[in-house]
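These notes concern the structure reproduced below.
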Amino acid sequence: MRHIAFALTLGLSCLSAETFAADFRSVGPSPIIMYDAPTFHGIKKYVAPAGMPVEVILTQGAWCRVRDASGEYTWVEGKDLVARRNLVVKAATARVRATPDENATMVFSADKHVLLEMAEAPAGAWVKVKHRDGQSGYVRTSDVWGL
C-alpha cells in the first residue's frame with residue numbers, strides 16, 4: 001500500500017501547474033439544457049443562455065461536467081460548448097478602462113451578469129474585453145468570472 005501511495009505522490013509531483021489550469025469554455029450560439037447527470041434522461045436543471053462561460057471539470061464520453069459562475073455543477077454535451085472565452089461580470093458594476101490602469105479613462109461600465117468577450121489573455125490584474133456592442137477596454141480580473 002505504501003508503494004502505491006508513493007508512486008501516486010511521485011506521479012502527481014511530476015505534473016506541471018498547467019496540468020491543473022482551469023478549462024473554461026462558453027455555451028455555443030444557441031441556449032442549451034443543463035442536466036444533473038450525463039444523460040438526456042437526467043433531470044433538466046436549467047437552460048443556459050448562448051455565450052455563458054462554464055468551467056469544464058470532467059469529460060466523460062460526449063458529456064462534460066461543468067461549473068457555472070454561481071458555483072452550480074451540471075452536465076452538458078461537449079459539442080454544445082465552444083472554445084471562445086466569454087467572461088461574466090461578478091461585481092455590482094465593472095468599470096472598463098481604456099488602458100490597464102485604475103486611473104485610465106473609463107470606456108464603459110458593465111453591470112453584474114453582463115457577458116463580455118475576452119479579447120486578450122489576462123495580464124496581471126487586468127484583462128482586455130469586448131462588449132457585444134463593439135466597445136472594448138480593460139477590466140479588473142477580480143470583477144469578472146471565467147478566467
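Scanning segment 113-122 for residues being open to solvent by less than 70 Å² (accessible area, probe 1.4 Å) and without any contact (Cβ under 8 Å) to a residue 24 or more places away in the chain gives a total of 1. Does Ile33 count as assigned to a strand (DSSP E or B), farther than 27 Å from Arg132 by Cα, open to solvent by 50 Å² or more (accessible area, probe 1.4 Å) and out of contact with any Leu (no Cβ under 6 Å at 6 or more places or on another chain)? For Ile33, the condition - assigned to a strand (DSSP E or B), farther than 27 Å from Arg132 by Cα, open to solvent by 50 Å² or more (accessible area, probe 1.4 Å) and out of contact with any Leu (no Cβ under 6 Å at 6 or more places or on another chain) - is not met.
Consider Ala110 carefully, then state whether it is in contact with a helix residue (DSSP H, G or I) (Cβ under 8 Å, 6 or more places away or on another chain), open to solvent by less than 50 Å² (accessible area, probe 1.4 Å), at pLDDT 95 or above and among the small types (Gly, Ala, Ser). No: the conditions fail for Ala110. Cβ separations smaller than 6 Å between residues 6+ apart or across chains give the following pairs from segment 38-49 residues that are over 19 Å from Gly28 (Cα atoms) and free of Cβ contacts under 8 Å to residues at least 60 places away in the same chain to residues that are open to solvent by less than 100 Å² (accessible area, probe 1.4 Å) and of a type in the set (D, E, K, R): Gly42/Asp36; Ile43/Asp36. Identification of strands (runs of 3 or more DSSP E) wholly contained in segment 59-127 with 1 or more residues that are of a type in the set (Asp, Glu) yields 73-77, 106-111, 115-118. With the structure loaded, tell me whether Asp101 is over 29 Å from Ile32 (Cβ atoms) and open to solvent by 40 Å² or more (accessible area, probe 1.4 Å) or whether it fails that test. The answer is yes for Asp101.
Of the residues in segment 78-88, at least one is at pLDDT below 95 and of a type outside the set (Lys, Arg). The set of residues from segment 74-98 being loosely packed, with under 12 Cβ neighbours inside 10 Å and either touching a Cys at 6+ places or on another chain (Cβ under 9 Å) or more than 17 Å from Ala50 (Cα to Cα) (or both) comprises Ala92, Thr93.
The values are calculated or read from the model by the stated rules, or taken from the named source; none is laboratory data. Treat the numbers as computed from the prediction; the structure is a model and nothing was measured. Note that we place each Cβ from the backbone using ideal geometry, even for glycine, and neighbour counts take in every protein chain shown. Quick note on the areas: whole protein, heavy atoms, side chains included, nothing else; ligands and nucleic acids left out. Shrake-Rupley method; radii C 1.70, N 1.55, O 1.52, S 1.80 Å.
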